[in-house]
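Structure in structure tokens, see below.
Derivation of every value follows stated rules applied to the coordinates shown; laboratory data play no part. All values derive from a computational prediction rather than experimental measurement. Here the Cβ positions follow ideal geometry from the backbone for every residue, glycine too, while neighbour counts run over all protein chains shown.
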Amino acid sequence: MKRERDIPTAEEQRKLAELSALVSKLQPDRGKQLMHELHQQQPIELPALPSGASFYTLRDLETAYQLSRKTLLRYIESGELRATRIGRAYRVSPEAVSDWLSLYRW
């Protein structure tokens with residue numbers, strides 16, 4: 001059972017909605033800024049393809065760019081990183097990785 005003080009007032013709900021809207025606008029820009037800072041520290045290049053492979057797996061990209069699988073999936077879902085889904089796995093072409101990296105080279 002919720003206590004009366006646990007329920008936000010109308011004013012508190014309005015402020016929370018405003019803050020939520022501001023945060024949602026800031027987060028995508030912060031990701032781009034972090035990628036830009038990373039690129040400034042060390043040039044980002046394509047990792048070598050595993051022997052006999054013509055596409056990267058998400059694990060290859062995780063290792064090469066020190067990103068989590070969840071982060072890579074967000075880039076795929078947003079359309080910034082083009083990938084092909086094969087069953088439960090994703091495959092990413094070298095051209096798609098190159099295009100994705102060029103988004104962060106200012």
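Just to confirm a number: summing +1 for Lys and Arg and -1 for Asp and Glu over residues other than P94 whose beta-carbon lies under 13 angstrom from that of P94, what do you get?
In short, -2.
Measuring from a point 7 Å past the Cα of A53 along Cα-to-C-beta, which residues in the stretch 72-106 have an amide N at less than 12 Å?
Answer for this model: 90-94.
Express in nm, to one decimal, how much length is gained between R14 and K70 on full extension, taking 0.36 nm for each residue of separation and deducting their alpha carbon distance.
Full extension of this stretch gives 17.1 nm more.
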